[in-house]
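Asks: The structure follows.
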Amino acid sequence: IMSSSMTIPVIDVQGNNFKELWAAMVIAIKTSSFIAIDTELSGLGSRKALLSESIEDRYKAICHAARTRSILSLGFACYKKLDDKDDSTYLVQVYNLTLLCSEEYIIEPQSVQFLVQHGFDFNKQYAEGISYYKGNDKGSDAHGVNMRSLFIELLRANKPLVVHNGLIDMVFLYQCFYAHLPDRLGTFIADLSQMFPSGIYDTKYATEYELRFTASYLEYAYKKCKLENSKAIAGGGNGSHVFLEFCKYTGSMQSYIDYRPCLDNQNQDGALNICVQFSAYGWCPNGSQCSMSHDTDLIIQQDEKIREDKRKKRKRKNKKKGSQGPTEACSSPQGKRLHFEETELDQAVPISEHQEKTPSSEPADATHAFEPEKADSKNGNEESQPEASSEAPVRPKEKKAEGGTHRAGFDAFMTGYIFAYARNLSENTEESSTAPLIPACLNKLFLSGKSLPLHVAKSTFSKSSKAHVHKMEYVWGKGTAVKPEGTA
């Protein structure tokens, strides 16, 4: 159950238990209210191309990365809303799949370094990774127990899909488990809108434009949502709150679970100096060697203090004027990042995290290797805790455990939590089963450095790709090109 500190069970899926866990994964997918996804990639290629001014050029660069690199692990978190409970209570199941592409692919040294620093086990990946190939189907591989079939189950379930800074994730998922990517962005978007008729939601977009937190990298957004939710519960009041429940795993399942502690350290006195770049982006070029603190709890605490000081100052001013000041909201993420607009794009940013893409300084968000925001945000998790302190020999060990090989799974969990929190805030009293979960964020993918999102909708000028039309016939049966919106 949700308290400010909790332990998240992440189910570790690899070649030796994939078949055994297949039925449980498919049931979790089919019975969920929404599914959050995250990937770890082997690289992203040129950071500059990934942040190209032209979105079409940006898409081409991400396609090139997806065709030449690979997904190393896939995390998905199934959130099932329990209607018989008060508030917004979800049963959550988190899976982390270790994968091994059977074809040659590029692996970038800085991505490997970043993943290893955060506990990714490449020996395990090569020994036990679930095999898959990229591009179009070969023969009858869409049947049977494999990644292509699992992706088909995800599509057939027709659930809202939730990502964080997810354009790169979506391009890689398409190329690795679905079909050969179309050359044009318009075609890809047309295909996506039919593949996920219940909608795609990007929590990076939701954090920046709906929640308007001071920063929007994944770990920051997650911890801030958790803090706000805990404060609301402690304060009582009539509002609805988010609560989580997890399954109790028994028998052989227990040996596959990585219990990930998610602790709140809100008793820090702020004695450590905070790394300004990490605070803004969730990423720092010095990584674990940085002498400043990367502790997200500390960063949020500092942001809360700054916000409170500003509020008091305004209150004093308003008292003098005798006027009512504007209501208080978090300052938007852009403010924090202003100092870094000139940062070099080609820094070796971690790839594993889909760094959140943000303006110019953040690398692209794909594999998460280079977008500072995404990478950080997703990876920030692991990074932030360990870095936070210079105190102990024990610390590095904690850091590793924090990240472990289950980063994609835990990042998917955090992504889903942000969505559950934002959904609860925007909840509609007369909700219908077909209504968008967060209408203002439906089918809007965050674009680094752009004020407008990428809208996932079929345009009158774009046709679906041939490979996609063929796959849709397989998913829904011939004659129904696409299942109607909102049906489950």
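The values are calculated or read from the model by the stated rules, or taken from the named source; none is laboratory data. Keep in mind that what you see is a predicted model, and the values were worked out from it rather than measured. All Cβ positions, even for glycine, are placed from backbone atoms using ideal geometry, and neighbour counts span all protein chains on display. These accessible areas exclude ligands, DNA and RNA; they are computed on the full protein's heavy atoms, side chains included. Shrake-Rupley method; radii C 1.70, N 1.55, O 1.52, S 1.80 Å.
Asks: Scan the stretch 224-262 residue by residue and report those that are touching a residue at least 12 places away in the same chain (Cβ under 8 Å), within 16 Å of residue 422 (Cα to Cα) and not in a helix (DSSP H, G or I).
Replies: Listed by number, the residues that qualify are 240, 241, 242, 243, 244.
Asks: Count, please, the residues in the stretch 142-165 that happen to be part of a helix (DSSP H, G or I), under 14 Å from residue 34 (Cβ atoms) and not hydrophobic (A, V, I, L, M, F, W, C).
Replies: Within the stretch 142-165, the subset part of a helix (DSSP H, G or I) is 147-157.
Among the residues that remain, those that are also under 14 Å from residue 34 (Cβ atoms) are: 154, 157.
Next, from what is left, pick out any that are not hydrophobic (A, V, I, L, M, F, W, C): none.
Of the residues in that region, 0 qualify.
Asks: So which residues in the stretch 177-211 are over 21 Å from residue 473 (Cβ atoms) and either among the basic types (Lys, Arg) or open to solvent by 10 Å² or more (accessible area, probe 1.4 Å) (or both)? Reasoning before the result, please.
Replies: Here is the first cut: in the stretch 177-211, the ones over 21 Å from residue 473 (Cβ atoms) are 183-186, 199-211.
Passing the criteria: 183, 184, 185, 186, 204, 205, 209, 210, 211.
Asks: With the requirement that a residue be open to solvent by 10 Å² or more (accessible area, probe 1.4 Å) and either under 17 Å from the mean Cα position of the chain (by Cα) or over 12 Å from residue 157 (Cα atoms) (or both), what does the stretch 20-32 give you? Steps first, answer last, please.
Replies: First, the residues of the stretch 20-32 that are open to solvent by 10 Å² or more (accessible area, probe 1.4 Å): 20, 22-24, 26-27, 30-31.
Hits for the stretch 20-32 are 20, 22, 23, 24.
Asks: Please find, among 409, 486, 380, 404, the residue that is buried (at least 21 other Cβ atoms within 10 Å of the Cβ) and at pLDDT below 60. I'd like the intermediate steps shown before the answer.
Replies: Values: 409 fails: at pLDDT below 60; 486 fails: buried (at least 21 other Cβ atoms within 10 Å of the Cβ); 404 fails: buried (at least 21 other Cβ atoms within 10 Å of the Cβ).
One residue alone meets the criteria, 380.
Asks: Next up: Go through the stretch 447-469 and report how many residues are of a type in the set (Gly, Ala, Ser), in contact with a Ser or Thr (Cβ under 8 Å, 6 or more places away or on another chain) and closer than 16 Å to residue 206 by Cα.
Replies: So the first thing to find is which residues in the stretch 447-469 are of a type in the set (Gly, Ala, Ser), and the list is 448-449, 451, 457, 459, 462, 464-465, 467.
Now restrict to residues that are in contact with a Ser or Thr (Cβ under 8 Å, 6 or more places away or on another chain): 448-449, 457, 462, 464-465.
Then drop every residue that is not closer than 16 Å to residue 206 by Cα, which leaves 448-449.
Number satisfying all stated conditions: 2.
Asks: So, in the stretch 140-173, exactly how many residues are touching a Leu at 6+ places or on another chain (Cβ under 6 Å) and within 13 Å of residue 63 (Cβ to Cβ)?
Replies: Qualifying residue count, the stretch 140-173: 1.
Asks: With the requirement that a residue be under 19 Å from residue 31 (Cβ atoms) and either open to solvent by 10 Å² or more (accessible area, probe 1.4 Å) or not in a strand (DSSP E or B) (or both), what does the stretch 90-130 give you?
Replies: Residues satisfying the conditions are 91, 93.
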